[in-house]
Amino acid sequence: MIHVVKDMQLSKNFRLSEFVCKEGKNEVYVDMKLINKLQELRDYINKSIEVVSGYRSPAYNQAIGGAEDSRHMYGDAADIKVKDMKPLEVGRMAEQIGFDGIGIYDTWTHVDTRGYRARWGDWATATFDKVGTTDIVYADPLSVYGEIVKMAGNKITGDFVNGGFYELSTMTPISPMVVNGALLIKRLAHDTVRRGTLIIYRDGTVQVKMIQDIDKEESLSNIHFAISGFNMFPLNLSAELWPDDISRKDWRTVMGYNPAKGKIVIAVRPDTTAERGKKTLVNLGCDRGIGLDAGGSTNARMNGKAVRLTDRVLHNIIRW
């Protein structure tokens, strides 16, 4: 705990006094990870950031009705405002920078560096539908992200669908994946084939490209999320050297982009060939997309409801 005697510059645009507890005792505790992230956000949006609330003593936090384990008491959280930007817009920008916790409120945005992902408030923008046997999620591109889980599908909490291909017996991933500019899954060293890769850029645009080495062919810092599968437009599995078995009729997850809605579309359906999966994306207004892992690896929970959950251990998943 620091009792502020003299104000000091913590970064180019933030001073210690901005984070002092508003209790009136001139107390402050602040984690420099938070300051560094806030400065990164300030540089990214090129606008001044008002710190509405920084450090809170446990007594002050209780007095104002703060969360029992509020991150403000740990000095790694701030409630912020940016002139002429809505809280959700600020949250989206904070997502790009890589803040761990982001909460959307009526007039401000909460950001923190707690060390694990957390989202709340008016953040969830996905909508859900079911047409026949097809379960569908429509999500804002910048809300989509991936995780490495190495966990049985029926043990995974929250909404998700299975991700890219992997070798089940060794849990060796085949499909490269990028999350927030970081290459979480690299291509196999011996895999020299260009494969369909869906890329969501930090500006919200979405493309599907035939890529071999995404870290060499793209600027990773510009990528919000990317995952490799097989291209649907056009569908040519042999050109990507996928085995014939990939196209079989089975449970299948496909992922595309509907330009009219500006949404990522993820669809899961049973008894579906690769060709039928492409037709599903077309029917849902997509003009680009990829096929993800299928068969026993197809697992999904949408809007809190199980679509298909099995004891198959999944290497990676997609969330929104």
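Here are some notes:
- Thr192 farther than 22 Å from His224 by Cα and under 18 Å from the mean Cα position of the chain (by Cα): no
- Which numbered condition Val161 fails, given (1) under 30 Å from Ser238 (Cα atoms); (2) outside any strand (DSSP E or B); (3) in contact (Cβ under 8 Å) with a residue 60 or more places away in the chain: (2)
- Residue within region 150-164 that is more than 16 Å from Gly54 (Cα to Cα), surrounded by fewer than 19 Cβ atoms within 10 Å (Cβ to Cβ), outside the structural domain of Asp43 (by TED's automatic domain parsing) and touching a His at 6+ places or on another chain (Cβ under 7 Å) present: yes
- Of the criteria (1) touching a residue at least 12 places away in the same chain (Cβ under 8 Å); (2) among the β-branched types (Val, Ile, Thr); (3) in the same structural domain as Asp271 (by TED's automatic domain parsing), which one Val111 fails: (3)
- The set of residues from region 280-293 being touching a Ser or Thr at 6+ places or on another chain (Cβ under 9 Å) and either surrounded by fewer than 22 Cβ atoms within 10 Å (Cβ to Cβ) or more than 21 Å from Ile211 (Cα to Cα) (or both) comprises Thr280, Asn283, Leu284.
- Selection from region 174-185 of residues that are within 19 Å of the chain's Cα centre (by Cα) and surrounded by 14 or more Cβ atoms within 10 Å (Cβ to Cβ): Ser175, Pro176, Met177, Val178, Val179, Asn180, Gly181, Leu183, Leu184, Ile185
- Counting the residues of region 294-307 that are crowded, with 19+ Cβ neighbours inside 10 Å and either basic (Lys, Arg) or in a loop (DSSP other than H, G, I, E, B) (or both) gives 3.
- Residue check, Asp79 in contact with a Gly (Cβ under 9 Å, 6 or more places away or on another chain), of a type in the set (Asp, Glu) and not in a loop (DSSP other than H, G, I, E, B): yes
- Checked against the criterion of being under 23 Å from His224 (Cα atoms), crowded, with 18+ Cβ neighbours inside 10 Å and either touching a residue at least 24 places away in the same chain (Cβ under 8 Å) or not assigned by TED's automatic domain parsing to the domain that holds Val30 (or both), the candidates Leu142, Leu88 yield just one match: Leu142.
- Identity of the residue in region 255-269, among the small types (Gly, Ala, Ser) and buried (at least 22 other Cβ atoms within 10 Å of the Cβ), that ends up nearest to Pro141 (Cα to Cα): Gly256
- Candidate set from region 44-56 (those that are modelled with pLDDT under 95 and not aliphatic (A, V, I, L, M)); member that is surrounded by the fewest Cβ atoms within 10 Å (Cβ to Cβ): Asn46
- The one condition from (1) assigned to a strand (DSSP E or B); (2) at pLDDT below 95 that Gly291 does not meet is (2).
- Unique residue being within 25 Å of Gly181 (Cβ to Cβ) and within 21 Å of the chain's Cα centre (by Cα) when the list is Phe14, Phe99: Phe99
- When Thr133 is tested against (1) within 27 Å of Lys216 (Cα to Cα); (2) in contact (Cβ under 8 Å) with a residue 24 or more places away in the chain, just one condition goes unmet, and that condition is (1).
This table checks each residue for (1) among the basic types (Lys, Arg); (2) over 23 Å from Val144 (Cβ atoms); (3) touching a residue at least 60 places away in the same chain (Cβ under 8 Å).
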site: Phe233; (1), (2), (3): no, no, no
site: Asp245; (1), (2), (3): no, yes, no
site: Met255; (1), (2), (3): no, no, yes
site: Ala260; (1), (2), (3): no, no, no
site: Ile264; (1), (2), (3): no, no, yes
site: Thr273; (1), (2), (3): no, yes, no
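- Asn258 vs. criteria of a type in the set (S, T, N, Q), farther than 16 Å from Asn162 by Cβ and assigned by TED's automatic domain parsing to the domain that holds Tyr166: yes
- All positions within region 37-85 that are closer than 20 Å to Tyr105 by Cα and polar (S, T, N, Q): Ser48, Ser53, Asn61, Gln62, Ser70
The values are calculated or read from the model by the stated rules, or taken from the named source; none is laboratory data. This structure is a prediction, so every number in the text was calculated from the model and none was measured. Glycine also receives a Cβ, built like all others from the backbone with ideal geometry; neighbour counts cover every protein chain displayed.
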